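Here is the structure we will look at.
The values are calculated or read from the model by the stated rules, or taken from the named source; none is laboratory data. Since we're looking at a predicted model, the values are computed, not measured. Using ideal geometry, Cβ is built from the backbone for each residue, glycine included, and neighbour counts are taken over all protein chains shown.
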Amino acid sequence: MAAKHRTIITACPHCFNTIRNEYPQLGGNYEVVHHTVFIDKLLNDEKIKLPAGFDQRKLTYHDPCYIGRYNDVYDEPRHVLNVLNSNGVKEMKHHRNKSFCCGGGGGRAWMEEKIGKRVNQTRVNEALETGADVLAAACPFCITMFDDGLKGVEAEDKMKIEDISEIVAQAIE
């Protein structure tokens, strides 16, 4: 029986990349949409309306590896955040195609660095340098890594880590 539904929406950039770019080789031909792109389309098609300037906190955004550098999704997450926040996104030093990995996708969540700095702490420090109150992310691995990174640099009270979908949900409620 042929499947009626051919579109998969995912909140995980790793799943997005795998299903979009590797499944076709195995016969899985699906339209795959990352949730930030889906939310942006809902906004553009006026299927949802978000109160402009709803969120007055200072936001910065981390480009997850597998939606950013591997699949060139940069504008849609920023557009959603800019609709919600009249302050605009405060870009980190390394952003878009120059963004750093959070460390989660490379297995660093399960490893202890013996020398040097922890990559998630380096990235959190870069986010803190923007003066942002919120580090918006679009990947569950990144959120976990950054929560841990904030604890590691003892800055849990200086910044929150939130998925873009959480920020959108707060605006809709």
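Structure notes:
- Tally, over the stretch 116-165, of residues that are of a type outside the set (A, V, I, L, M), in contact with a Cys (Cβ under 9 Å, 6 or more places away or on another chain) and not in a helix (DSSP H, G or I): 2
- Residue list for the stretch 126-140, restricted to those being out of contact with any Pro (no Cβ under 8 Å at 6 or more places or on another chain), buried (at least 16 other Cβ atoms within 10 Å of the Cβ) and not hydroxyl-bearing (Ser, Thr, Tyr): Glu126, Ala127, Leu128, Ala132, Asp133, Val134, Leu135, Pro140
- Contact map, the stretch 119-131: first residue modelled with pLDDT of 95 or more and of a type outside the set (Asp, Glu), second residue surrounded by fewer than 18 Cβ atoms within 10 Å (Cβ to Cβ) and assigned to a helix (DSSP H, G or I), Cβ cut-off under 8 Å, separation 6 or more or different chains; pairs are Val124/Gly152.
- Annotation: Asn82 fulfils all but one of (1) at pLDDT 95 or above; (2) farther than 17 Å from Pro140 by Cα; (3) surrounded by fewer than 18 Cβ atoms within 10 Å (Cβ to Cβ); (4) within 15 Å of the chain's Cα centre (by Cα); the unmet one is (1).
- Scope the stretch 139-173; condition closer than 14 Å to Asn120 by Cβ, in contact with a helix residue (DSSP H, G or I) (Cβ under 8 Å, 6 or more places away or on another chain) and of a type in the set (A, V, I, L, M); matching residues: Met145, Leu150, Val153, Ala155, Met159, Ile161
- Once the stretch 1-18 is narrowed to residues that are within 18 Å of the chain's Cα centre (by Cα), closer than 27 Å to Ile48 by Cβ and of a type in the set (Val, Ile, Thr), the residue that is surrounded by the fewest Cβ atoms within 10 Å (Cβ to Cβ) is Ile9.
- Taking each residue of the stretch 27-40 that is outside any helix (DSSP H, G or I) and looking for partners that are of a type in the set (Lys, Arg) and surrounded by fewer than 17 Cβ atoms within 10 Å (Cβ to Cβ) with beta-carbon atoms closer than 7 Å, six or more apart or interchain, yields Tyr30/Arg6; Glu31/Arg6.
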